[in-house]
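Below is one structure, written out as C-alpha cells; the observations come after it.
The values are calculated or read from the model by the stated rules, or taken from the named source; none is laboratory data. What you see is a predicted model, and the numbers here were worked out from it, not measured in a lab. Cβ coordinates were reconstructed from backbone atoms using ideal geometry, including for glycine residues, and neighbour counts include every protein chain displayed. Accessible surface is based on the protein model in full, side chains and every heavy atom, while ligands, DNA and RNA are left aside. Shrake-Rupley method; radii C 1.70, N 1.55, O 1.52, S 1.80 Å.
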Amino acid sequence: MSSSFKEIQIQHQKHYSNITSFPFPSVPEFPSKLFFFCEVEPGSGGETPIVLSHVVYERMKERHPDFVEKLEEHGLIYTRVLGEEDDPSSPIGRGWKSTFLTNDKSVAAQRAAKLGMTLEWLEDGVKTIMGPIPAIKYDKSRNRKIWFNSMVAAYTGWKDARNDPIKAVKFGDGEPLPIK
C-alpha cells in the first residue's frame, strides 16, 4: 500500500464534515436518517436491533480496551467474494453484476474504485476488498467516539459457498480478528 492508514483517514476527513473518516463499507455516503418498512410481516424473526453506537463504543472500550485500541489504530479490511449472478441462498445475495449495475468488468472496477474498493477477478466471480477503513469514528457534533462498522455482520453472517466469515473481516494491518 502506498498510503498509510493515517493518510487515508485525513483524505476522507476532507470529504465528510460532520462524522469524520470513511462511512459504512460498500456505501461512500451514509444517510442522516433511516426508515424501516415491512410490506409483509414475517411469520417469525425479522427483528432489526437498533443500538446507540456511542454506547457500544464505550462498553467495548471498557471491556476490551486492547481490541478497541487496535481497531482505532489500524481500522478494518472487509473482503467478500461475489459470484457473477445473484445468489438468493447467500446472505450476501448479490452478484457482481447487480452490485455494480453492469455486465462490464472494467466498468465494475471503475465503480468499485469510486467506493474505495479493489477487485480481484476470479474464474467464477470477483473478490472485493475494502479498506483499511476506520471502525471507530468521531462524531464532532456530539463530541464523542462512535462504533461505526459492520464487523459483526461480516464476521458472523457472510458465510456461503464462496465466503468464510473469519476471512471476511480483519484488522487494517492484515492480522485476523481474534476468534473468541
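So the values come out like this:
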read-out: Segment 55-180, accessible area per residue, ligands and nucleic acids excluded (1.4 Å, Å²); value: 57
read-out: Cα centroid separation - segment 40-115 against segment 148-164, whole Å; value: 7
read-out: Accessible-area composition of segment 56-127, carbon plus sulfur, in percent [1.4 Å probe]; value: 47
read-out: Förster-model FRET efficiency, 25 Å R0, His64 and Gln110, C-beta, rounded to 0.05; value: 0.05
read-out: Listed residue (Pro91, Thr102, Ile179) projecting farthest to the positive dipole end of segment 82-180, Cβ model; value: Ile179
read-out: P(r) histogram, all alpha-carbon pairs of segment 21-133 included - 10 Å bins from 0, percent; value: 11, 31, 32, 24, 2
read-out: Flagged links, alpha-carbon separation over 21 Å, of Lys127/Lys170; Lys70/Lys114; Lys33/Lys137; Lys127/Lys167; Lys61/Lys137; value: Lys70/Lys114
